[in-house]
Amino acid sequence: MTAKISDEILKRLEAEGKKGKLDPKFLEFYQRLLRAQSSFEQRIALRKPGLSNKAASERLERGLPLVSFDELALDWSLLLEAFNEVTAAFTDFPELFGEIPQGLREVSKATLIKEAVKTWFEEAKLPDAMVGNEINKHLLEAIIHATLRPFLTSQAKALLGLVKQEHWRRRYCPICGGSSDFAFLDKEIGARWLLCSRCDTEWLFQRLECPYCGNQDQNTLAYFIDDKGLYRLYVCEQCHTYIKAIDLRRAESDVLLTLERMLTLDIDKQGQEKGYQPGPAR
Ligand SMILES: [Zn+2]
Ligand SMILES: [Zn+2]
């Protein structure tokens, strides 16, 4: 996210807040998080891709994302700083997240942080034993996700040019291997693209396939459309998950996809009321 885009997101968030579309406390928290992430992103040195075009193509053809954990080459002191700042943001909003347990804050002190970040990156979840109970585990996952975000988005920017869209079309991100949490239909022909939940990379995907379990049976795939025909809720009867999407052919103004996933929390609610769950992280 460049400084300009993050300013634009903050401006639009402000406007949405005035319309009462977002819970004021959530809005305040999200603004703080965005500011922190954007300032860290600007401090992360942009690297040249360490892969040639040919090496990247070979990897993608084998279904391997372009960055492994070691290749991320994280700057641990900067990451630790980001972790502390993100944790502070979560801590200051107990009405949204509950009290942050001391044990969780202490993750930053030990070598535990490296282990936690690596496990989260490779498996998209943390082992139960790491922080005690389910609630703390999900909270720490959310904090690590938010902490790593600027590191992953800047990495993605450097590598995006190496992704040949027509050769990928898999259920996970071609750059970081993450799963998608939002989709869009493009303006040109309404092709469906997925957005990575971790690094915001966009990749082309089948219109009729569940992005979580790979189900392609049309009888067990469906979607709901909102009144304006702008948003869709794709559901899968095989794995009982949903994914939200925006149809850019119907969008009147420029759409910021990162923001859309936050502005459509009411669609998440609808999905869950219909008995579906968000797709699992991977
Ligand atoms: Zn990704
Ligand atoms: Zn499915």
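The values are calculated or read from the model by the stated rules, or taken from the named source; none is laboratory data. Since this is a predicted model, take the numbers as computed values, not measurements. Quick reminder, even Gly has a Cβ in these numbers, built from the backbone with ideal geometry, and neighbours come from all protein chains shown. SASA here: full protein model, heavy atoms, side chains in, ligands and nucleic acids out. Shrake-Rupley method; radii C 1.70, N 1.55, O 1.52, S 1.80 Å.
The table for this structure:
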quantity: Out of Ile143, Ile175, Ile189, sole residue that is in contact with a helix residue (DSSP H, G or I) (Cβ under 7 Å, 6 or more places away or on another chain) and assigned to a loop (DSSP other than H, G, I, E, B); calculated: Ile175
quantity: Search result, residues across the range 183-201 that are free of Cβ contacts under 8 Å to residues at least 60 places away in the same chain and more than 12 Å from ligand 1 (Cβ to nearest atom); calculated: Glu188, Ile189, Gly190, Ala191, Arg192, Trp193
quantity: Boolean, Lys118 is of a type in the set (D, E, K, R) and either more than 29 Å from Asn53 (Cα to Cα) or touching a Leu at 6+ places or on another chain (Cβ under 8 Å) (or both); calculated: no
quantity: Residue within the range 165-182 that is away from ligand 1 (no atom under 11 Å from the Cβ), under 11 Å from the mean Cα position of the chain (by Cα) and modelled with pLDDT of 95 or more present; calculated: yes
quantity: Search result, residues across the range 217-271 that are touching a Lys or Arg at 6+ places or on another chain (Cβ under 9 Å), assigned to a loop (DSSP other than H, G, I, E, B) and open to solvent by 30 Å² or more (accessible area, probe 1.4 Å); calculated: Asp226, Lys228, Leu230, Leu256
quantity: Filtered residues of the range 37-59 (kept if among the small types (Gly, Ala, Ser) and open to solvent by less than 60 Å² (accessible area, probe 1.4 Å)); calculated: Ser38, Ser39, Ala55, Ala56, Ser57
quantity: Filter result for Phe224 (more than 16 Å from ligand 1 (Cβ to nearest atom) and under 21 Å from Met262 (Cβ atoms)); calculated: yes
quantity: Residue ID - nearest to ligand 2 (Cβ to nearest atom), chosen from residues in the range 201-211 that are at pLDDT 95 or above and surrounded by fewer than 22 Cβ atoms within 10 Å (Cβ to Cβ); calculated: Glu209
quantity: Pro150 away from ligand 2 (no atom under 16 Å from the Cβ) and in contact with an Asp or Glu (Cβ under 7 Å, 6 or more places away or on another chain); calculated: yes
quantity: Yes/no for Phe40 being over 23 Å from Thr201 (Cβ atoms) and of a type in the set (Phe, Trp, Tyr); calculated: no
quantity: Residue ID - most open to solvent (accessible area, probe 1.4 Å), chosen from residues in the range 5-36 that are at pLDDT below 85 and of a type in the set (A, V, I, L, M, F, W, C); calculated: Ile5
quantity: The range 115-133 residues that are farther than 20 Å from Arg105 by Cβ and part of a helix (DSSP H, G or I), paired with ones that are open to solvent by less than 90 Å² (accessible area, probe 1.4 Å) and at pLDDT 90 or above (beta carbon under 6 Å, 6 or more apart); calculated: Phe121/Phe69; Glu122/Phe69
